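A quick write-up on the structure given underneath.
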Amino acid sequence: MFVSNLHIKSFIKIFLIFFLVTFLVPVNSWSQSKEVVALKGDGIYRLLTRYGLSSAQYMDDFIALNKSNLGRNNSLLAGVKYKLPDTAKLPATSAATSITPSKGTGKMVHYDIFGSKYADIEIKSNDLKGAVYYLVGGHGGPDPGAVGKYNGYHVYEDEYAYDVTLRLAKNLIAEGATVYLITRDKNDGIRDDYSLKADKDEVCYPNLQIPLNQTRRLRQRTEAVNNLYKKHKGSFQRMIAVHVDSRSRNENIDIFFYHDKRSETGEKACKILRDTIEKKYHEHQPNRGYTGTVSTRNLYVVRNTWPTAVFIELGNMNHQRDVKRLVIPSNRQAVANWLTFGLITDYKTNK
Ligand SMILES: [Zn+2]
């Protein structure tokens with residue numbers, strides 16, 4: 001999405017950053033950068049955090065400053081000295097992000113990916129203007145994910161997670177956000193059916209075939225997110241992965257959340273989402289109760305994507321009540337709406 005605008009926007013941004021760096025930052029500020037030594041197990045994220053620098057703001061600068069001393073995939077080498085980015089350079093980032101054009105309330109946009117019935121979206125508000133979301137529907141391509149059963153038919157995780165992801169994407173766009181669908185299916189669109197037919201033609205943004213090998217599949221979507229993250233450097237950014245749990249030993253039911261153990265913002269965002277869902281259930285089904293949890297889990301995509309990551313399990317494939325919530329289209333819409341409310345609160349609280 002936003003492919004047409006993106007090139008122009010990123011060109012302007014790169015030009016602006018180049019201009020500001022070239023003319024406004026004293027040339028000798030690079031040589032004054034503080035040097036620190038990487039410890040065993042350090043990544044850029046951990047090192048920056050240790051010295052009180054936000055990885056969201058300084059990741060790119062760090063990589064640019066230390067390019068010649070980085071290992072594969074920008075890893076750090078223990079014992080090697082690295083330069084910390086000069087914090088005085090921060091205004092360049094703010095200037096670059098302030099040029100994002102305003103969308104304006106009441107504007108209509110059109111994206112074929114939502115399917116003919118939902119392709120036209122009205123921008124209702126600017127509540128999420130400035131926020132960038134990477135929505136990753138779980139699995140896809142050759143991998144259907146977990147498989148449940150409902151009334152005799154199969155319920156494939158990737159199809160249902162994708163449908164909720166699309167509904168969430170549409171909602172976020174309507175509130176003024178910039179949204180990237182990382183897992184994409186050009187002919188599915190939002191589907192108002194109980195039974196969602198399984199196919200294998202999902203691709204990874206922008207249009208990459210999804211490999212069967214799990215490590216390669218996760219690395220592919222992580223790289224897609226991280227490449228876009230660099231283009232939106234300085235903006236409020238979230239990676240949202242949407243799944244359905246199936247680990248039978250796991251007691252978790254309802255909608256629950258995982259964040260990276262190093263990410264305080266991730267934990268905050270998850271808690272806001274959890275509390276929003278609890279409140280909504282309480283409003284709509286006062287006697288139902290809600291047991292959704294927030295916890296950490298060592299998940300590849302959560303650990304390796306650069307934006308603050310939120311991993312959502314829409315329920316447990318082994319619990320009939322959860323599966324029923326997934327197969328009813330209006331329930332999938334309600335879940336997307338509630339998540340949208342939560343993400344608006346997250347943006348207002350943490351931006
Ligand atoms: Zn999954």
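Before moving on, here are some points about what is shown:
- Filter result for SER31 (at pLDDT 75 or above, loosely packed, with under 13 Cβ neighbours inside 10 Å and among the small types (Gly, Ala, Ser)): no
Each row is one residue, and each column tells you yes or no for (1) free of Cβ contacts under 8 Å to residues at least 60 places away in the same chain; (2) surrounded by 14 or more Cβ atoms within 10 Å (Cβ to Cβ).
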{"position": "ASP163", "(1), (2)": "no, yes"}
{"position": "LEU172", "(1), (2)": "no, yes"}
{"position": "THR178", "(1), (2)": "no, yes"}
{"position": "LYS186", "(1), (2)": "no, no"}
{"position": "ILE190", "(1), (2)": "no, yes"}
{"position": "ASP199", "(1), (2)": "yes, yes"}
{"position": "LEU208", "(1), (2)": "yes, yes"}
{"position": "GLN214", "(1), (2)": "no, no"}
{"position": "LEU218", "(1), (2)": "no, yes"}
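- Restricting segment 126-162 to residues that are farther than 26 Å from ARG321 by Cβ and among the small types (Gly, Ala, Ser) leaves a set whose member that is farthest from the ligand (Cβ to nearest atom) is GLY130.
- Looking across segment 205-252, the residues that are farther than 24 Å from GLN57 by Cα, within 16 Å of the ligand (Cβ to nearest atom) and in a helix (DSSP H, G or I) come down to GLN214, THR215, ARG217, LEU218.
- Given (1) on the phi < 0 side of the Ramachandran plot; (2) not in a strand (DSSP E or B), index of the condition GLY289 fails: (1)
- Residues that are away from the ligand (no atom under 16 Å from the Cβ), assigned to a helix (DSSP H, G or I) and buried (at least 17 other Cβ atoms within 10 Å of the Cβ) do occur in segment 304-322.
- Scanning segment 169-203 for residues that are within 16 Å of the ligand (Cβ to nearest atom) and closer than 13 Å to ARG332 by Cβ yields one hit, LEU196.
- All told, ASP260 falls short of being within 15 Å of the ligand (Cβ to nearest atom), buried (at least 18 other Cβ atoms within 10 Å of the Cβ) and of a type in the set (Asp, Glu).
- Within segment 309-351, being modelled with pLDDT of 95 or more, closer than 30 Å to TYR45 by Cβ and of a type in the set (D, E, K, R) holds for GLU313, ASP346, LYS348.
The values are calculated or read from the model by the stated rules, or taken from the named source; none is laboratory data. The structure presented is a predicted model; accordingly, all values stated were derived computationally and were not measured. So basically every Cβ, Gly included, is an ideal-geometry build from the backbone, and we count neighbours across all protein chains shown.
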